[in-house]
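Written below as structure tokens is the structure these notes are about.
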Amino acid sequence: MTQPPESIDDYYARVRAATDAEGRLPVAAEEMPGWDIFPFEVDSLRIKPLQPLAESEPPRAGEDASDCRCAAPAAPDDGTLVWHNDRWRLTLIADTGLPITVSLGPKQHMDLPTMPPDWAAEFGRLTVTISAAMEALPSVGRAQLAKYGDGSAHLHVWFFGRPARMLQLRGSPLLDWEENLPRVPLEVLQANARPIGEALVAAYGGEVGLPA
Ligand SMILES: [Zn+2]
């Protein structure tokens, strides 16, 4: 008989069994903390005690389309609209220490697991164009992508520009570094975002929303 997928209780029990008397997991010092890309020194590092399983997953902001932010009129322009067409919006994140961070989302209410196939096809093509334009920027070495969806139900996919030639910032610790980097001025972020918006217009129409 085929083994069914594991329950979260069994998964959690395995993690719990690996903790010490204080409920702490040992730091896997030879893994990520052993890499030069890990931003912190390991000597004083310890993991917080494991919390018990929550009763259930908490509802996210905008779980229902009627109270999602996409149901409200568009926010006033604050200089962060990189590009949009009738279906999609690419937004610049103004508070960042990276050369560029943008968020792609549909104007219509959906999450990734509920995305219709024709939207999914567009989503894939937009992701390629955004990634290519971002990696063509002189200050970006690599475009990193993330979809979390733990806070807001409305789909928003992140694109982070990892600074070029700063090899210490590679990989998943990028965002741990980011909070400690000085903020990049908005006009610099807008200048970095413009070629991405222009690449999207060239490929799919729509318009760049950044101030001229
Ligand atoms: Zn929505």
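The values are calculated or read from the model by the stated rules, or taken from the named source; none is laboratory data. Because the structure is a prediction, the values reported are computed rather than measured. Neighbour counts run over all protein chains shown; Cβ positions are idealised from the backbone, glycine included.
Summary of computed values
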{"item": "Filtered residue count, segment 146-165, keeping only those that are on the phi > 0 side of the Ramachandran plot and away from the ligand (no atom under 16 Å from the Cβ)", "result": "1"}
{"item": "Cross-chain or 6+ apart pairs with Cβ under 9 Å, segment 178-205 first and within 29 Å of Glu122 (Cα to Cα), then among the acidic types (Asp, Glu) and in a helix (DSSP H, G or I)", "result": "Tyr204/Glu122"}
{"item": "Listing of strands (runs of 3 or more DSSP E) fully contained in segment 61-137 that carry 3 or more residues being aromatic (Phe, Trp, Tyr), within 13 Å of the ligand (Cβ to nearest atom) and in contact (Cβ under 8 Å) with a residue 24 or more places away in the chain", "result": "none"}
{"item": "Evaluation of Ser66 against (1) hydroxyl-bearing (Ser, Thr, Tyr); (2) surrounded by fewer than 11 Cβ atoms within 10 Å (Cβ to Cβ); (3) farther than 26 Å from Met110 by Cβ (one fails), failing number", "result": "(3)"}
{"item": "Cβ-Cβ under 8 Å pairs, at least 6 apart or on other chains, segment 1-18 side farther than 19 Å from Lys48 by Cβ, far side at pLDDT 95 or above", "result": "Ile8/Leu53; Asp9/Leu53"}
{"item": "Hits in segment 1-59 - residues which are within 30 Å of Met166 (Cα to Cα), surrounded by 10 or more Cβ atoms within 10 Å (Cβ to Cβ) and in contact with a helix residue (DSSP H, G or I) (Cβ under 8 Å, 6 or more places away or on another chain)", "result": "Val27, Ile37, Phe38, Pro39, Phe40, Val42, Leu45"}
{"item": "Filter result for the condition that a residue is more than 30 Å from Lys107 (Cα to Cα), more than 16 Å from the ligand (Cβ to nearest atom) and either assigned to a loop (DSSP other than H, G, I, E, B) or among the basic types (Lys, Arg) (or both), over Glu41, Glu57", "result": "Glu41"}
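Residue-by-condition table, conditions (1) farther than 23 Å from Pro39 by Cβ; (2) over 15 Å from the mean Cα position of the chain (by Cα):
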site: Ala153; (1), (2): yes, no
site: Arg162; (1), (2): no, no
site: Gly171; (1), (2): no, no
site: Asp176; (1), (2): no, no
site: Glu179; (1), (2): no, no
site: Pro195; (1), (2): yes, yes
site: Ala202; (1), (2): yes, yes
